Structures are given as structure tokens and as C-alpha cells.
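These notes are about the structure you will find just below.
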Amino acid sequence: MTTTVRSPDEFAAAIEQHYIESSDDARQVIVGLQGESRFADIYETYAHLYTREQLDALGAARAAATDEVERDRLNRLWFEAADSVASGEVVREAQDLMNAQLAWRGTFEGEEISINGLGALLASEADYDRRERAYALLCEADDEFAPREVELAARSQELRSEVFGLDGEIAIAEARMGIDLQRFSDQVQEVSARTADAYAAQADTLFPAILGRDERRPSRAHAAFIRSLHHWDHVFTQERLAEVCALTVAELGFPLDQIPTILPDLEDRPEKDPRACVIPVRVPEEVHLIVRPTGGITDYQAFLHEAGHALHFGLTSDQLPFEHRYVSPDNALTEIYSYVVERITHEPLWHERHFGLSRADAERVCAESAFVDASLFRRYGAKLRYELAFWRDPRDPKNPERYSEYLATATRMGYPTSQFASDMDPGLYAADYLRAWRTSAQVIEWLRREHGEDWFLDGKAADFLRDLFVQGSLPSNEEVSVQIGSSADDFDDLAAHLAP
Ligand SMILES: [Zn+2]
């Protein structure tokens, strides 16, 4: 058999088709329209693209590039190709595992329930004991799948190390992101330590107040419920979700009804993933904004978060090459945009305008939202620290204990060991979220200095954001920080946001 080695442009055009097909498959599964994922079947029809010869040819083209943007473009293509070459041997196993998780059914109070069904229930269930029981059932599912997850992670890391010529997932992620992950994690731990007392003081008051019982170290069973701030549900109703969010984004300067490339999906289907997301099937032409409303302020936050991503992908210039339009070395850039748009819900003025709250109530909601945000930041900081340890040896029997200890200490919540393998994001995504936490805090402080408290109104921030969106995935997260006169080593704006 002879293998065809394609030119970089031909290769990019071919894999774009692969990505479009697999993104659409992922979308159908996530929104609950398709019970099984087919990504390994789709991979097979494109497997002929992913050869060592092709990878070598892309590497040679990258080495020969004289222009910096061109080298960056070819580097991204090489990384995409290496991902796919390395996944060839494990893609079937990964699909089987994912489909087994989708097909898993437990019995909850006599009714069959899926993993996604349990996730949605945990966010909305008002009864404390029912949440504990639902969470125990979810942990059973995690215990059942953990050995397969660990084996897949370990095997995949071995294959990837060999193909990338790098020592493990941490080195691969560092090469991709262009940062020193251990140093970055240490900086994040320092911010966590700096804001720990303020967080503890709030937790001691807010956990018992939200849960309605004297519980200062609640289990993770209640994390999604606490985050939802359901005592404000009468304000943040499901009926007003689409209208208020569309208006908010329009006031920011981006009327969604004039951006036909962004397609919202707010249906509540039983198999739909409770975690909101954006799936850019075609960039910029077809961007799906997916939210499963579970009630309350988190629906608004999820919608606006995903709207930030959707605006980024939907307003990317169609003149850019595939590598700067569709492919990104990491997610730290797009997460800045999602965080900035979501942070509008942290502005008292937004609550006064759209919900008629008094200034005092608006400030109360914002203080509680800031606490929830601090809790999530601490969780992700601990996740990064844990994931850096996990990838040093996925089979280390100490990983479950380590997971539970790191997460519990940081968040002041009880974490069982069961989710040590499932509560992980691919490619050390936790670091991308944390980079975005830092840079979005800088951007918001900068916008506030430039435009005042109402930076999110009258299209004041629109030119700045549109100039960034149009560049697709070209700038790095850290370059945005530098552009506004800040620096990647400056965490002061973030610390001030987390511990006001
Ligand atoms: Zn996001």
C-alpha cells in the first residue's frame, strides 16, 4: 500500500472535514439527540490521513518556514496531526468507554436514571437527603468506570509521549501552551493561599445559609446546588432567560439576532448534558450555543459564558486559514471571552436594570456570586495541582486519596475519592480556565477604568472585543494581557475579585 503525503494546505482541508463531522457527532450526543457517540467510526474513515510520513512532512515544512505566522500555522497543524496519529490505537477503546458511560443506568427511587440525569438532578434538587443519595449513586458509576479510565489515560499517555517525542502529558501541554505549568500552578496556589481567610469566613456563613442547616463542610453532593443560589430563583426565572441574555449581549454590542451563525439550543432533554457548552461545527459559519436550563442564576451565567465563546467563534474572520480559525493551541484565549461576558452577572447594575433589584439586593447577589466564583477558582487550582500529580503516574494507587485531599482542602467541601479519574479534563484544560481567570480579571478591571461601572452597556466594550474576536485563535491568552498593559505574572486583579 502506498501512502499519500499531502501538502500542508491539502492536509488542513482534509482534516477540517474530519473535524466538522466529529463536532456534529459530539453535538448530537451532548444535546441528547443521539444515544451513542461515533467518533471512532468517523476517525476510521479519515485514518488514512494520520500517518507517520504525513507527520514527518508537516515537521519538515515547519522547520523550513521562514515567516513566524507561517511557522505557527504549521506548528498547530503538526500538533493536530500528532494528536490524531497517537489516538489511532486507543480511539476505539475511548469510544466504547464513552458509550458505556452514556448507556449506564442506575435506579433512583425506583426510576431509571442516566449519569447526565443525575448531574441535572444534583443542580436542581431542593431536598438535602435526596441530593446525598443521588450523589452516592453517581459515585457508584464513577467507581465502576474508574479502572477503565485510568488504563486508557495511562496507555494514551504512553502512545502520545512516543509520537510527540516528549515526556508525558505535562510536557505535551507545556509545548502546546508555551508556559511552564509547575510555575503557573505555584502562582495559582499562592493566590489561593492569599485569599483563603476571606473564603473561609464567607464559607462559614454562606454554606449553612444556602443549605438551611448548620453544615460548614458540606459534601460535593451539594456543590451544584450551592452554586445555583436557588434562593434567588424567583428573580432569575427560566421564562426570562432567553430574553434577558439576548438583551445583555445586545447591550454589550452584539445583537444575536443579527449574527445568524450562532444557533442557541436551550431545550431540556432527559439525556442532554447538564454542562453548558459551545460546539463550533464550522467556524465561523455554524456555532451551536448549548445550555440545559436547571433553574436559577446559573442558567444565566452559563448562557452568557457560552455566548462569549459563541461570539468569538461566530465573529472570527472567514479569511483566516483553518489553523487560526478552527484550531487553537489551547482554550485559554477563548475562555477569557466567556469569562468577561459571564462576569456581567457580577455587576450590581445588571441586576438593577434587568430584574429591578434594589442596590442592596443586587450587591448581595453579586457577593454570593463572587463567593461561588472563588469556590470554583479554588476547585480548579486544586484540580491543576492534582492533575499535574496524576499525569506523573496515572496508575499510582495514591491518586484517589490525593484527589480527595487536595480538592477538599481548597474548597472546604467533602470530596470522596470516587471521582479521581472522571473529574479530569483532557489536555490539562484546568490550566486554561485558570489562565482565563487571571486575564479576564485584568480585562474587566481595564474596561472599568476605560469606561466606568457600565462598561458592558451601550456597546462600550464592543470595538475592543470585536478586534480580538476577528483574529480567531491567533493571539495567545498572555498576549491579550500584555495588550492591555498588564502581565501574565500579575494576579492582583484576580485576587481583588476573589476576596473583595
Ligand atoms: Zn468555557
Quick check on this structure: which one of Arg379, Arg359, Arg395, Arg385 is more than 16 Å from the ligand (Cβ to nearest atom), touching a Ser or Thr at 6+ places or on another chain (Cβ under 6 Å) and more than 25 Å from Ile484 (Cβ to Cβ)?
Arg385
So is Leu384 part of a loop (DSSP other than H, G, I, E, B), in contact (Cβ under 8 Å) with a residue 24 or more places away in the chain and in the same structural domain as Glu285 (by TED's automatic domain parsing) or not?
no
When residues of region 288-305 are limited to those that are among the β-branched types (Val, Ile, Thr) and under 16 Å from the mean Cα position of the chain (by Cα), the one modelled with the highest pLDDT
Thr298
Output the strands (runs of 3 or more DSSP E) that fall wholly within region 199-318 and possess 1 or more residues being within 15 Å of the ligand (Cβ to nearest atom) and under 28 Å from Tyr135 (Cβ atoms), or say none.
277-282, 286-290
Does region 460-500 hold any residues that are assigned to a helix (DSSP H, G or I), charged (D, E, K, R) and over 28 Å from Gly314 (Cα atoms), and which are they?
Asp492, Asp493
Within the bounds of region 339-351, is there any residue that is among the β-branched types (Val, Ile, Thr), touching a helix residue (DSSP H, G or I) at 6+ places or on another chain (Cβ under 6 Å) and away from the ligand (no atom under 16 Å from the Cβ)?
no
Answer residue from region 22-68, given it is more than 29 Å from the chain's Cα centre (by Cα), without any contact (Cβ under 8 Å) to a residue 40 or more places away in the chain and in a loop (DSSP other than H, G, I, E, B) and is surrounded by the fewest Cβ atoms within 10 Å (Cβ to Cβ) among those:
Thr66
I'd like the residue in region 394-432 that is in a loop (DSSP other than H, G, I, E, B) and within 19 Å of the chain's Cα centre (by Cα) and, out of all such residues, is nearest to Ala200 (Cα to Cα).
Asp423
Which is more than 24 Å from Ser161 (Cβ to Cβ) and modelled with pLDDT of 95 or more, of Ala389, Ala436, Ala421, Ala431?
Ala436
Of Ala362, Ala374, Ala382, which residue is touching an Asp or Glu at 6+ places or on another chain (Cβ under 8 Å), under 20 Å from Ala499 (Cα atoms) and surrounded by 19 or more Cβ atoms within 10 Å (Cβ to Cβ)?
Ala362
Taking region 402-427 as the search range and keeping residues that are more than 30 Å from Glu347 (Cα to Cα) and within 16 Å of the ligand (Cβ to nearest atom), which one is surrounded by the fewest Cβ atoms within 10 Å (Cβ to Cβ)?
Pro426
Filter region 219-254 down to the residues that are farther than 19 Å from Asp361 by Cα, polar (S, T, N, Q) and surrounded by 18 or more Cβ atoms within 10 Å (Cβ to Cβ) and list them by number.
Thr248
Failed condition for Arg105, given (1) in contact with a strand residue (DSSP E or B) (Cβ under 7 Å, 6 or more places away or on another chain); (2) buried (at least 18 other Cβ atoms within 10 Å of the Cβ); (3) at pLDDT 95 or above
(2)
Checked pairs for region 334-348, first touching a residue at least 40 places away in the same chain (Cβ under 8 Å) and hydroxyl-bearing (Ser, Thr, Tyr), second more than 10 Å from the ligand (Cβ to nearest atom) and outside any helix (DSSP H, G or I), C-beta under 9 Å and 6 or more apart or across chains, list as Thr334/Ser328; Thr334/Ser473
Quick one: which helices (runs of 4 or more DSSP H) sit completely within region 69-177 and have at least 2 residues that are free of Cβ contacts under 8 Å to residues at least 24 places away in the same chain?
115-124, 128-164, 168-177
Here is a list: Gly314, Gly296. Which entry is touching a His at 6+ places or on another chain (Cβ under 8 Å) and either on the phi > 0 side of the Ramachandran plot or surrounded by 24 or more Cβ atoms within 10 Å (Cβ to Cβ) (or both)?
Gly296
Filtering region 118-154 down to residues that are basic (Lys, Arg) and closer than 29 Å to His234 by Cα yields Arg130, Arg131, Arg133
Index of the failed condition, Thr334 passing every other in (1) buried (at least 22 other Cβ atoms within 10 Å of the Cβ); (2) hydroxyl-bearing (Ser, Thr, Tyr); (3) more than 15 Å from the ligand (Cβ to nearest atom)
(3)
Given the options Ser440, Ser476, name the one that is within 27 Å of Ala201 (Cβ to Cβ) and hydroxyl-bearing (Ser, Thr, Tyr).
Ser440
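The values are calculated or read from the model by the stated rules, or taken from the named source; none is laboratory data. Model, not experiment: these values are computed from the prediction. Cβ atoms come from the backbone with ideal geometry, glycine included; neighbour counts cover every protein chain shown.
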